Amino acid sequence: MQRQDKNLADRLINAIEWLAAMFVGIVALNIFVAVVLRKFFSTSIPDAYDFGRMLLGILIFWGIAATSYRGGHITVDLVWQAANKNWRRVIDVFATVVLLFVVTVQTAMLFDKVRGTFTDNVQTYDLNIPTWPFYAVAWAGDVCAVILIAIRTWRLIAKPEALEAEHAAEHRVE
């Protein structure tokens, strides 16, 4: 049975995961419509390539946000598996702090890209739509990843038993 009294952090985590899922749907819809129009109607969406490219970038950064908290990304846990419970916690905290640092630097660099596309007035080819809003949405996903990794880091340090219980509940078969 799921807990009904979710705190702000849990609601934020769920909202970010739903947004990431919506971007998957948007990318799939864009591809589907482009293929149907090209195959059956010999036409295309103006700037479909640009939209697809930028939406894929958005999807990647929001996907990083979605996997950052839950630890759903691909990992190699050979050392972690061999370690005892205390060393596992040390490894988890260290890995999460390193991830937080890397994604924070990545977020700062992506903001530079947003600012650059805004300043340079980069636009799509067909419709001349400014591209910086797409980059800004991708950057927002990266910001969300930093927030979620920070929450995970705090929970690993302050309340590791709560994080373990949360993940055990997710993997329980009912």
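Residue 53: among the basic types (Lys, Arg) and exposed (fewer than 13 other Cβ atoms within 10 Å of the Cβ), yes or no?
Values: among the basic types (Lys, Arg): yes; exposed (fewer than 13 other Cβ atoms within 10 Å of the Cβ): no.
Spelling it out, it is not the case that residue 53 is among the basic types (Lys, Arg) and exposed (fewer than 13 other Cβ atoms within 10 Å of the Cβ).
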Taking the range 81-113 and keeping only residues that are closer than 16 Å to residue 151 by Cβ and either polar (S, T, N, Q) or in contact (Cβ under 8 Å) with a residue 24 or more places away in the chain (or both), one is left with 92, 93, 96, 97, 99, 100, 103, 104, 107
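Take the conditions touching a Ser or Thr at 6+ places or on another chain (Cβ under 9 Å), part of a helix (DSSP H, G or I) and either at positive phi or among the β-branched types (Val, Ile, Thr) (or both) and apply them to residue 114. Does it pass?
It is false that residue 114 is touching a Ser or Thr at 6+ places or on another chain (Cβ under 9 Å), part of a helix (DSSP H, G or I) and either at positive phi or among the β-branched types (Val, Ile, Thr) (or both).
Bear in mind that the values in this text are calculations on the coordinates, not laboratory data. From a predicted model like this one, the values you see are computed outputs, not experimental measurements. Note: ideal-geometry Cβ built from the backbone for every residue, glycine included; neighbour counts use all protein chains shown.
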